[in-house]
Every structure is written in C-alpha cells, then in structure tokens.
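Please read the structure below before turning to the comments.
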Amino acid sequence: MKIDLLVAEIGSTTTVVNGFNLNPCPEFIGQGQSSTSILAGDVNIGLRAAIKDLANNLNTEDIQYHQLIATSSAAGGLRMTVHGLVYDMTVRAAKEAALGAGANIKYITAGRLRESDLNKIKEIEPNIILIAGGVDYGERDTSLYNSELIGNLDLDVPVIYAGNVENREEVRELFKNKKSELYIVENVYPKIDELNIEPTRKIIQQVFEKHIVHAPGMEKIRNMVNGHIMPTPGAVMEASQLLYEEIGDLITIDVGGATTDIHSVTEGSDEINRILINPEPLAKRTVEGDLGVFVNMHNIVDMVGKEELIKELNISLQELEEIIENHKSIPISNLEKKFVEKLTLHAVITAIKRHAGRLRNLYGPSGKKTLAEGKDLTQVQTIIGTGGALTRLPNRIEILKNISINNRGDELLPNKDAKILIDNYYIMASLGVMSKEYPEEALELLKLSLRQ
C-alpha cells in the first residue's frame, strides 16, 4: 500500500505511527504502535515495528511511503537549562520561549552563575543552554559574565543567546573556538514589560531538529526520518496556534501518564490587560510534572485523598487498594475507567488553575486596588482535549466542563460557554509537525479529528 506521509511520535516508552494521504484531499489512514527502542541503541527498530503494526491494522503486507516526519519526547525529550538576569523579567521570558518550544526545563538561574550552578549544568547534560539577560541597551554585565562561564565549560552543547543586543559581538568572541555551537537571536525581553519569545521558540526547535540525532538511541533516526523532527509538546503547541488562526482563542489540555500539559493561545481581555502586573505571551505552555494518571498516579491519589476516592467511587478501602496496586496504563474495566476519570479530573482542574492567572486586591492609603497576574483565559472560546486520557475516557467531555464550574471567582478561567472539542483520532502532535510543511492539510485534518 502506498501512503503519502507517515508521522512518528517517538515517546519514552511507546512509538506511534500515523498514516496520512494528502491528495486529492487530506485523509487520516490509520495508526500503528510499538515499544520505543531507545535502549536497543536504535530508534529505527521501534519505528519499523510500528509501521509493521500499521500495515497489519490496514490488512496489507507492506507500506510504501513518500515521506516520514516525527515528533519526539524520547531520550529525555528536549532538556534545557535557562539563565537570565531578573527572574520575573528576562528569566521568565526565556522560560516561556523554552516551554513554548516543547522543552523540558531542568534548571533555571537568575543573576550571576555560581560554581554550584555550573556543576548542575554539567550534571544535567542539557540538549540546549539558553542565555538571556538585560533589556536592549540596558544592563550588560550579567549575561556576558554567564556567557563566559558557560563558554569555558566547553561542553558539546548548543548555546542560544537571546539577551541584550549590545552584547552580541562579545558573546561571539567568548564562544569562538569552543565546542558549543552558538546561535544568536533577538532579545526575548527587549523592553520593560515587552515579551518577544517567538524568534527564540523557533530557533530552539531548529536546534533540536539539528542535534536530536546525537541523543542516545537516536543516532540513526535520519536513516528513516526524511523530514522535520520536533519535540512532541512543541508540536502540540504548533497545532494549537494553527487552529487559533482559524477559530480564535483556545486552550489545549493534554493529560498523560507522567505529566499534564496546558497550551493556551489567547490575548486575553482588554480589561484584564490594563491591570496586568507582568506581560503574558500570546501562546503559553505549562507542564505539571507531578500530575500524571499512570507514572505519577500516586501523587494525584495523595492530593485527592483515599477517603474522598472511596466516597466518589462508592467502593471499599480494600477495593481501592487493589485498583491502585494493579493500576494499568490503559484501564479495562468500568471501575478502572472511573478511577482514571477521577484522577484525570483532578489533573485537569489542578493544572488549569496553575496555568491561569487570578485577580488580586491590594489595599493602600487610597483604598482597594484590583490587579491581575498570570494568563487571562476568560476570552477562551474553545477547550480541546488531547492525550490518552482525554481522547479515550467515556466521560472526557464532562471532565472538561468542570473547568468553569471550579472557578472560585478570582481566577481568570474560561466561562461555561466555552465549546468542548476532543482530538478523537489523537493526532494533534502529528498534525503540529505536519503543519511545518503542509499547513492547509494539517488544519483540515485537525478540524476533522475535532468534529468526529
């Protein structure tokens, strides 16, 4: 069978391959999966097995494809460290750019690096180091100092400089003849209260694509993948931004086995923007590493409490203990599904509240003054569910409807009129990387998945 395009999602444990035809009209053909073969030293073993599984699902012996592209969170995903000047300004801007690109941020520093910070960077072995600091034509010394120390580490790790424009020539000199490949991009925080994260986000993804082939088990990936490779969370953000251009303000919620990611694309309301303490990016991603319904299931159980789960599920303590003891990545029985739905509901509500901003009342000599901090989600018109839990659980729509119900009044959450859509084919990440070359086709397929 001939297929125009295969998109592989290479996870830490599972590799999924989605098949698409692009002509005469975009069409989702089917899906295959296999274990990721990072430990075997060659990711292509798992890729070939997933393609074979796709062939079996399509009742064909062989699949011929024109192009294979991929997203990846294997080999630790996109591990980054971020270093800036003031935490609430340049550091925060750099962090937003890294998260929006799909990074797994392992370490953040503000101000001058210390010896302990340098040791931590070496211990982490990041895929990319991001240096920021100083508005344009403002403070220069800190980012130059940090650049010199990082350059002297002489790590074989790409470094992105996104700080004060005045430092560019000096930074180039500092990294001359070093192992680190240097990339210089526009300042992520060029003026006070002005974010400029898109140029950095794009260069992070380009650097990831160029250097992912050096990750353990990924060295041979270009033997099969002949198109774009993106970090999986970055691909979900790419799909969310593509859809934003079509339908307006939205959030995408991805509840996984280990983490819960929230991607929002919204300007917020003019009213809130006028009283906002710090600027927020149009596209924002947060990742909650303690909120997963499989690997981090025990974290959520502890947050909710066993007594509460017993009451909500109407079961005994012994029955609950048995479910926890025998917890599977994919629930089978109705009781197992109800248990995972409770975990997913808590993950969604907790993650969205951490992502969203809130109103704060300050009291001074002139009386009460109301300010806002964080991301304003009040203008969100569409809530999208993706990931294993929110695309497969029976009550996934009801779970997402609870977002507006749980608003305490001071939280900048979507209202009850927001439309709920599900990525039914579970292909949002695949379409995000597809959109780099085929944006119109990716948008049509995305709308089809959300309509089913």
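Computed quantities for the displayed model
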read-out: Qualifying trypsin sites (Lys or Arg not before Pro) in the range 129-197, DSSP loop, other Cβ atoms within 10 Å at most 10; value: LYS176
read-out: Fewest-first ranking of HIS346, HIS211, using other Cβ atoms within 10 Å as the exposure measure; value: HIS211, HIS346
read-out: Between the range 313-358 and the range 120-151, the alpha-carbon center distance in angstrom; value: 41 Å
read-out: Within the range 78-214: Cβ-based charge dipole about Cα centre, in debye rounded to nearest 20 (Lys, Arg +1; Asp, Glu -1); value: 380 debye
read-out: Sites GLU123 and ARG354, calculated FRET efficiency, Cβ-Cβ separation with R0 30 Å, nearest 0.05; value: 0.65
read-out: Cβ-Cβ FRET estimate between LEU317 and GLU181, R0 fixed at 56 Å, reported to 0.05; value: 0.50
read-out: Rg/Rh for the chain, where both radii come from Cα atoms and Rh is the Kirkwood radius; value: 0.98
read-out: Rg and Dmax [Cα atoms of the range 78-214; Å; Rg one decimal, Dmax integer]; value: 13.0, 38
read-out: Spin-label model distance (nm) - LYS436 vs ASN278, 7 Å beyond Cα toward Cβ; value: 3.0 nm
read-out: Dipole magnitude (debye, nearest 20) for the chain, charges at Cβ of Lys, Arg, Asp, Glu; value: 360 debye
read-out: Gain on full stretching of the segment that runs from LYS419 to GLU173 - 0.36 nm per residue minus C-alpha separation; value: 83.3 nm
read-out: For the range 1-156, Kirkwood radius (reciprocal of mean inverse C-alpha pair distance, Å); value: 18.2 Å
read-out: DSSP-defined antiparallel bridges as percent of all bridges, the chain, nearest 5; value: 45 percent
read-out: Packing-based exposure ordering (other Cβ within 10 Å, fewest first) of MET297, MET230, MET224; value: MET224, MET297, MET230
read-out: Unit charges at the beta carbon, dipole of the chain: most positive-side option, ASN406, LEU144, ILE192; value: ASN406
read-out: For the chain, with +1 on Lys and Arg beta carbons and -1 on Asp and Glu, the positive-most of ILE3, THR286, TYR65 along the dipole; value: THR286
read-out: Förster-model FRET efficiency, 60 Å R0, GLU115 and ASN21, C-beta, rounded to 0.05; value: 0.60
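FYI, it's all coordinate maths here, none of it is from the lab. Note that the coordinates shown come from a computational prediction; the quantities given were computed from them, not determined experimentally. We place every Cβ from the backbone using ideal geometry, glycine too, and count neighbours over all the protein chains shown.
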